[in-house]
Structures are given as C-alpha cells and as structure tokens.
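The values are calculated or read from the model by the stated rules, or taken from the named source; none is laboratory data. What you are looking at is a predicted structure, and each value in this text was computed from that prediction instead of being measured. Here the Cβ positions follow ideal geometry from the backbone for every residue, glycine too, while neighbour counts run over all protein chains shown. With ligands, DNA and RNA removed, areas are computed over all heavy atoms of the protein, side chains included. Shrake-Rupley method; radii C 1.70, N 1.55, O 1.52, S 1.80 Å.
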Amino acid sequence: MPFALPHLVAGFIAVMVGYTSSVILIIQAATAAGADAAQLASWLWTLGIGMGISCIGLSFYYRIPVLTAWSTPGAALLITSLGNFTLAEAIGAFVISSLLITLCGISGWFDRLMRHIPAPLAAAMLAGVLLRFGLDLFKVAPQDPLLLGTLLLVFLLGRHLWPRYTMVLVLAMGITLCALRGDLQLDTLHWQLASPVWTWPSFSFDALFGIALPLFIVTMTSQNMPGITILRAHGYQPATSSLIGWTGLIGLLLAPFGGYAFNLAAITAAICMGKDVDPDASRRWPAAVWAGGFYLLTGCFGASVAALFTAFPATLVTCVAGLALLGTIGSSLHTALQQDEAREAALLTFIITASGISLLGVGAACWGLLVGVILHQVNQRRN
C-alpha cells in the first residue's frame, strides 16, 4: 500500500469525528447496563479492535474504502432500554442482533432491496445526512470566529494551491492554533492498555423484544442502509450481502466482550471517499485502512484514547468535519438534482433526510429513501 499523507489524514479525521461525536454514548450505554470500569474499558477495546480489523480487512480485500463503525443510534437506544435488564441479558441481546444481521447478509435479501434505489436518490440521501455538518460549520462563528476564519482561509487557499493536501493543512493549522491558545485538554491524559472482559450471555424473551430486535432494526435502517448508499453514491459497487454479513459476524464474535453492534459507517466513511483524499476513486481505499489502524490504536488503549479525542475542542472537531465534507455535499447535490425525471423525488429525499426526523424507531435517512423511491416509481409509471 503506497503511503500518501492525505490518506493518513482522512483516516485520522474520520476516527476523530467518530469518537468525539459519540463515544460518550457508548460510556452511557455501558453504564446503563451495569458495567464496571473494567467492563467499560472492554467495551471500548472491543469496538476499536472490531472496527479496526474490519476496516483494514475489507478495504484490502475489496480495494474500496470500507469503513465500519459502532451503531450510534443503537447506542442511544441502549441508554434508555438497558436499565431494565442485567448485563448478561444485554450481552445475549447483542448476540441475537448480530446473528440477525449476519443472516441478512447470507440470505442476500438486503442486496436485492438496495438494487431498487436509483442513484439520484442515493446521492440526495447522502447530501441530507451530511448537510448538518455543513450548517454546524458556520454555527461555530459566534463561539470562536478566529478558529473558523483561520481554518476557512486555509481551506480556500489550499483548494487553489494544494488541493490534495487541503485537509492536511486545515487539521495541522487547527491543532496548532488550539495548542497555542491552550485549548487542548491533555493534562489529565494517562496512557493505559485496555483488555477484554468476557461476559456470559443470558437469553430472555424480554431482552429479545426490548433490546435485540430494536437494535437490529435501528442498525440496519439507520446505519447499514445509508452506509451502502454512500458507497454507491461515490461510484463504488460493493458486494452488499458480503459486507453486511461480515459486520454481523464480527459482532457475533465480539458481543460477549461488549461489541454491541458493528455496521457500515456513513458520515465518517464519506470523509475517506472525497476527491480531496485522492483524485482517482480507485486509490482512496488506503484512507480506510489508515482509519482501521487508528481504530486498532483506540481499541488497545481503550478509555485513554477516548479521552485523547475528547481533549480536542468541540469547535475544532466541528470545523474540521464540516470542511472535510463540503466537497461531498456539493457533488451529492449535483448528482441528485441533475436528472429532470428524478429531481422531484430526489429533492423530497434530501429534505426528509436533512430534517432528522425519527418515526417508529426508524431514522430520517430510511424514511427519506422510502418516500423518494415511492414517488420516483409513481412518476415513472405516470410518464
């Protein structure tokens, strides 16, 4: 694998955004399940190791940027539902949920479903998912106008002078500026290796309906469906069933250690798929491999690395993520609205997805695609 600095930086930004945006949810979910300090570290170890192995292995094998992640909506679901169950029952539910995901991959039904989503609607959904990062970028202005102005200037200059190294310069400038101002909270950071802790699963019907099935539905609709759609929106044609099956199998193996759900990434994956990473789409997969390497590091050091990422100011993470995704948002909107016959359905898909609604436990991305596909089919038959 040839070394390229933009690949490394894209991988690091993807992991940084993933951890800083939702690691607190993992900690809260483990606490709700009754996990002690060692078991919490095991959860973080397991999630990092599982994501690292899957990112590296799948990206190397398929030669496309495959990023996996924990289920952020799933973690939010667990925070509210695990309090009524023992840790052993929770682990049993994780096993069942991962088994169902594995069966979805093996059976191939998910692949058949994804074939019915037109490319403009996939691009519209991607733009809707990522829109909030572009909007949040400029919400930083009242809090830290100096940081936003500096990074925006570096971004614009980089796009004209060194387009491939734009995000390298943005990240370096952001960290440097925050370090000079004393905004990096590194004084309480202590490096300590984490280790896995096995918990024997216990199975019950209450946990099946209260945890396993909701976790399975949320992970498939809010994570795996957008994850596959984002790959296709960038021109990749992955072996859908195989990818879903592998994420389920990894979850099945690691569930007893706290790996509650592994799935295809959506938002962080887009960071590793843009033109800033590499002008040639066929050479962007090393960025996902680097992300996998950083995930392995986060797994080995567990809570210590989580603390490292949370040491970055929230405004810095927001700015870097927003700037890294601007190009993808723009190209996705262009693809979504380019075809006259699909424009109305794509626009509706974009608006519903961007709204962030959640109905019946199903996220906005799934509802946006569903309504868009129905409208697209109606328009096709009318014409």
From the phi of every residue in the range 166-178, what ³J(HN,Hα) in whole Hz does the Karplus formula 6.51 cos²θ - 1.76 cosθ + 1.60 yield, where θ is phi - 60° and glycine or proline is x? 4, 6, 4, 5, 4, 5, 4, 5, x, 5, 4, 4, 5
Quick one: what are the phi-derived ³J(HN,Hα) couplings along the range 137-146, Karplus 6.51/-1.76/1.60 with θ = phi - 60°, whole Hz, x for glycine and proline? 3, 8, 6, 6, 3, x, 7, 8, x, 5
Net +/- balance of residues flanking L82 in space, Cβ distance below 13 Å, scoring K and R +1, D and E -1: -2
To the nearest Å, what is the center-to-center distance of the range 32-100 and the range 233-250, using C-alpha atoms only? 18
Diffing the range 104-115: the Karplus 3J(HN,Hα) column from phi (6.51, -1.76, 1.60, θ = phi - 60°), in whole Hz with x for Gly and Pro, holds 4, x, 5, 5, x, 5, 5, 5, 5, 5, 5, 5
Can you tell me the Rg and the Dmax, both Å, for the Cα atoms in the range 28-143? 18.1, 51
Taking the Cα atoms of the chain alone, what are Rg (to one decimal) and Dmax (as a whole number) in Å? 20.2, 65
Cα gyration tensor of the range 261-383 - equivalent ellipsoid semi-axes, whole Å, descending: 33, 19, 14
Over the Cα atoms of the range 190-277, what Rg and Dmax result, in angstrom? 16.0, 49
Ignoring ligands, DNA and RNA, what percent of the 1.4 Å accessible area of the range 199-358 is carbon and sulfur? 68
Ignoring everything except DSSP H segments at least 4 long, calculate the 222 nm mean residue ellipticity for the chain; use -39,500 (n - 2.57) per segment, divide by total residues, nearest 500. -22500 deg cm²/dmol
What net charge is computed for the residues neighbouring L316, neighbours being all others with C-beta under 13 Å from the C-beta of L316, Lys and Arg scored +1, Asp and Glu -1? -2
